Amino acid sequence: MKQDRQQPSFIDKTSIKQTKSYIIHSTNDNKNQALMKSTLKILETIHLPTDHGVFNMSIISSGDEKEHIVLERKENTSKPPLVRIHSECLTGDIFSSHRCDCGEQLEKSLKIVGESDYGYIFYLRQEGRGIGLLNKMKSYNLQEKGYDTIEANHMLGFETDLREYQMVADFLTLQDIDHITLITNNPEKCDALRAGNIKVDRQALPTTTRSENQKYKAVKVKKMGHFGH
Ligand SMILES: [Zn+2]
């Protein structure tokens, strides 16, 4: 495994204002537009040696008072970076829950990006597709009564998916990155970044289908338009 000894590339602390909807930038002044309309801040950056290689780890803030994380590998920027946008899932990421495939997706993404010369993993603190851990657990209990993940969210008074990806588009634009390979099965993530004028190629992220997550994975494909892989 190659060691990344260079200094973090994004230690400037840029403070800017944000709108909630996706910003459509003109081709010439993406960075200026992002600077004007985003509240993205890079708060602190460290070197983080892991089982998957050495990353630059930064905490970024987008005005929602949550500590979102970016892991960066940046040894050779001749090709577009590999990018994974991962939303926090405590049960999957920490406890390796079989109710979803988040833990496996994170593990595979860390391996793929860790072995690359150039890549980013965004770890966004929007647990349970944005409804939080307690509500996700309530949703799980409804799912045990036979409702699917979307029906359960609606019964709890939430929309299907509250996640947002604006801060990722802003971050990439501020790094002068306008072309990426996104590791995802979720077309909404591709669309969100394309709306920020970032060219997105997609790399599928297949995961194991288990008896416990079979229905959940099928609903993501049938009702949320996710790619089967
Ligand atoms: Zn999960």
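Rule-based calculations on the coordinates, nothing more; no lab input. This is a predicted model, so every value here is computed, not measured. Every residue, glycine among them, receives a Cβ derived from its backbone with ideal geometry; neighbour counts consider all protein chains shown.
Listed residues G92, G114, G103, G132; which is free of Cβ contacts under 8 Å to residues at least 24 places away in the same chain, in contact with a Ser or Thr (Cβ under 8 Å, 6 or more places away or on another chain) and under 26 Å from S58 (Cβ atoms)?
The unique qualifying residue is G103.
One residue is enough: does the stretch 173-186 have a residue meeting the conditions more than 18 Å from E72 (Cα to Cα) and either of a type in the set (S, T, Y) or crowded, with 19+ Cβ neighbours inside 10 Å (or both)? So that I can check it myself, show each step before the final result.
Going through the stretch 173-186, the residues more than 18 Å from E72 (Cα to Cα) turn out to be 185-186.
Pick out the ones that are also either of a type in the set (S, T, Y) or crowded, with 19+ Cβ neighbours inside 10 Å (or both) and you get 185-186.
Yes: the stretch 173-186 contains one or more residues that are more than 18 Å from E72 (Cα to Cα) and either of a type in the set (S, T, Y) or crowded, with 19+ Cβ neighbours inside 10 Å (or both).
Say whether the condition of being under 30 Å from D178 (Cβ atoms) and of a type in the set (S, T, Y) is met by at least one residue in the stretch 127-149.
Taking every residue of the stretch 127-149 in turn, none turns out to be under 30 Å from D178 (Cβ atoms) and of a type in the set (S, T, Y).
State whether one or more residues within the stretch 188-202 are on the phi < 0 side of the Ramachandran plot, assigned to a loop (DSSP other than H, G, I, E, B), within 13 Å of the chain's Cα centre (by Cα) and crowded, with 19+ Cβ neighbours inside 10 Å.
no
Read through the list (1) aromatic (F, W, Y); (2) crowded, with 18+ Cβ neighbours inside 10 Å; (3) touching a helix residue (DSSP H, G or I) at 6+ places or on another chain (Cβ under 9 Å), then give the number of the only condition that Y140 fails.
Tallying (1) aromatic (F, W, Y); (2) crowded, with 18+ Cβ neighbours inside 10 Å; (3) touching a helix residue (DSSP H, G or I) at 6+ places or on another chain (Cβ under 9 Å), Y140 fails exactly one: (2).
Looking at (1) assigned to a helix (DSSP H, G or I); (2) surrounded by fewer than 17 Cβ atoms within 10 Å (Cβ to Cβ), which one does G146 not meet, given that it meets all the others?
In the conditions (1) assigned to a helix (DSSP H, G or I); (2) surrounded by fewer than 17 Cβ atoms within 10 Å (Cβ to Cβ), G146 misses (1) alone.
Can you tell me which of F122, F158 is aromatic (F, W, Y), farther than 18 Å from V221 by Cβ and part of a loop (DSSP other than H, G, I, E, B)?
Exactly one residue qualifies, and that residue is F158.
This table checks each residue for (1) within 16 Å of the ligand (Cβ to nearest atom); (2) farther than 24 Å from A192 by Cα.
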position	(1), (2)
E44	no, yes
L48	no, yes
E72	no, no
V83	no, no
T91	yes, yes
R99	yes, yes
C102	yes, no
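Being away from the ligand (no atom under 15 Å from the Cβ) and among the basic types (K, R) narrows it down to one residue among K108, K145, K136; which is it?
K145
For the stretch 41-100, which fully contained strands (runs of 3 or more DSSP E) count at least 1 residues that are small (G, A, S)? First the steps, then the outcome.
On the way: elements: 41-50, 53-61, 68-74, 82-87.
Of the strands (runs of 3 or more DSSP E) lying wholly inside the stretch 41-100, those with at least 1 residues that are small (G, A, S) span 53-61, 82-87.
I'm checking my understanding of the structure. Among residues of the stretch 155-170 that are closer than 19 Å to C89 by Cα and away from the ligand (no atom under 16 Å from the Cβ), which one is surrounded by the fewest Cβ atoms within 10 Å (Cβ to Cβ)?
Within the stretch 155-170, the match that is surrounded by the fewest Cβ atoms within 10 Å (Cβ to Cβ) is E159.
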